[in-house]
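Here the structure is laid out as structure tokens; the discussion comes afterwards.
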Amino acid sequence: MTASAQPSTPPPAFELKAAGFTLPVIRLLGVDMDAVAEQVGAKVEQAPDFFRNTPVVIDLTGLAETAGEVQFPLLVGLLRGYGMIPFGVRGGSPAQHAAAEAMELAILGDALVRRVGAAGPKSAPRSDLGAAPSASVGDAAPATVQTSGFTLITRPVRSGQRIYAAGGDLSVVAAVSAGAELMADGNVHVYGPLRGRALAGMKGDTEARIFCQDLQAELVSVAGHYRVSENIPSELKGAPVQIFLDQKVLRIERL
């Protein structure tokens with residue numbers, strides 16, 4: 001058979017690649033679904049757009065061995081009801097894994113889902129459902145300098161990455177891409193274009209502020225009061241601004 005007569009190889013229909021994503025983790029500390037529902041609802045009310053269509057990991061490592069059965073149908077239904085997409089669990093017993101798999105949840109190991117480490121809190125806050133509020137899947141976090149009450153990010157924050165500065169301020173001296181999310185219990189400072197989401201005062205600090213040199217954000221929020229891009233005046237887009245609460249009204253002013 002000549003070379004010209006050989007059958008041609010069809011073009012590839014897909015590629016299988018490793019990719020990095022940043023995901024929120026809900027760390028269960030108890031199996032009382034009424035209590036979980038109450039606390040999740042309170043958190044979602046602070047920034048409903050932030051949680052909409054957000055994939056989440058359910059972390060079972062905080063449960064005591066005597067905690068009892070996790071009611072996965074109720075938990076999955078609760079999270080989906082608030083717009084989240086639960087897709088896997090971390091930790092737990094073989095029985096809990098079996099119950100999770102019955103709800104078509106993936107079983108994730110620490111090699112696949114790990115805490116942000118340098119880019120996030122050194123210890124998980126206990127009030128937000130006891131969760132490590134973000135996790136990284138197969139991707140290194142941006143270069144970070146962290147001291148008590150302050151987190152500094154020195155490289156661009158890419159789409160899909162989520163960074164949380166627990167107990168203090170977060171500063172980014174690089175660009176923040178669309179689809180990236182910055183969160184801090186204190187202030188958020190961005191010294192480059194802010195194209196993603198920025199949320200300050202995550203635990204209700206109404207004195208927290210957001211400062212950025214180039215406002216192109218998808219969403220900004222202070223202590224649960226937020227605006228999406230469509231509600232930001234066009235004359236403030238691309239400008240250096242500060243964002244703060246004034247009598248429970250979120251204001252955006254030029255610097």
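Quick notes on this one:
- Candidate aspartates and glutamates for bridging to LYS43, where Cα separation is under 18 Å - those fewer than 8 sequence places away on the same chain excluded: ASP32, ASP34, ASP59, ASP128, GLU181, ASP185, ASP205
- Full extension of the chain between GLU15 and ALA42 gives 5.6 nm of extra length, using 0.36 nm per residue less the Cα-Cα distance.
- The GluC sites (Glu not before Pro) of the range 203-251 that DSSP puts in a loop, and whose beta carbon has at most 16 other beta carbons within 10 Å, are GLU207.
- Using a Förster distance of 22 Å, the FRET efficiency for GLU230-ILE85 (Cβ separation, nearest 0.05): 0.40
- Length gained when the stretch GLN247-ASP32 is fully extended (0.36 nm per residue, less Cα-Cα span): 73.8 nm
- Counting beta carbons within 10 Å around each of TYR82, TYR226 and listing the fewest first gives the order TYR82, TYR226.
- Estimated FRET transfer efficiency (ALA239, ASN53; beta-carbon r; R0 30 Å; 0.05): 0.55
- Residues whose placed amide H lies under 5 Å from that of ASP59, excluding near-sequence neighbours: ILE26, ARG27, LEU28, ARG90
- Charge sum, other residues only, whose C-beta stays under 15 Å from GLU235's C-beta, Lys/Arg counted +1 and Asp/Glu -1: +1
- Highest-first arrangement of 88-101, 63-76, where packing means the average Cβ count within 10 Å: 88-101, 63-76
- Debye intensity ratio in log₁₀ form over the Cα atoms of the range 208-255, taken at each q of 0.16, 0.18, 0.23 Å⁻¹: -0.35, -0.45, -0.75
- Contact order relative to length of the range 145-255, as percent, for alpha carbon pairs under 8 angstrom and 6 or more apart: 17 percent
- Semi-axis lengths, Å, the range 142-255, gyration tensor of Cα atoms, sqrt of 5 times eigenvalues: 19, 17, 11
All of the numbers you see were taken from the coordinates with simple rules; none came from a lab. Because the structure is predicted, anything quoted here is derived from the model rather than measured. Here Cβ is always computed from backbone atoms with ideal geometry, including for glycine, and neighbour counts include all displayed protein chains.
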